[in-house]
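Engineer: Before I ask anything, let me first share the structure, which is written out below as structure tokens.
No lab work stands behind these numbers, since they all come straight from the coordinates. Predicted model, so just to flag it, every value in this text is computed and none were measured.
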Amino acid sequence: MDAHIRTVTLGVADRKELSRRTAQAARSRGQNAFINFATPDLLFKLLTTKRREILSALTGAGPLSIREISRRMERDIKAVHGDVIMLLTAGVLRKNEDGQIELPFDAIRVDVVLRAE
């Protein structure tokens, strides 16, 4: 992968794994970020089909207003607003100084291992 690509990994991690990922991110000089969830269910609850479509629409698009995201997706603005708020709260999206929404990453990786308890 190109060293200039900023990637976020969405995953499920316990404290030991979280510490390992933090150390790895420090060594990579800020090119990678991790957003961790306590359970796979919480991660999957965030990444609904409609929210993944928002992420796809924002990939490479630059900052957009919620109204413009809604227009491009041909979806109700209130529904898009709710989905954007969830993605902002999780840290996947950010709001810039002009109040527009942007995806601060070039790539999103989802890392989930499902195993028997």
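Engineer: Give a residue-ordered list of calculated ³J(HN,Hα) values for region 106-115 (Karplus: 6.51 cos²θ - 1.76 cosθ + 1.60, θ = phi - 60°; whole Hz; x for Gly, Pro).
Structural biologist: 8, 8, 10, 10, 10, 10, 9, 10, 9, 9
Engineer: Assuming 0.36 nm per residue, please report the length gained on full extension of the stretch N96 to A61 beyond their Cα-Cα distance.
Structural biologist: 11.2 nm
Engineer: Could you list which residues have their amide H under 5 Å from that of A33, counting only those 5 or more apart in sequence or on another chain, with H placed in the peptide plane?
Structural biologist: Placed amide hydrogens put T7, V8, T9 under 5 Å from A33.
Engineer: Once the piece of chain linking V112 and R6 is laid out straight, how much longer is it, given 0.36 nm per residue of separation minus the C-alpha distance between them?
Structural biologist: 36.2 nm
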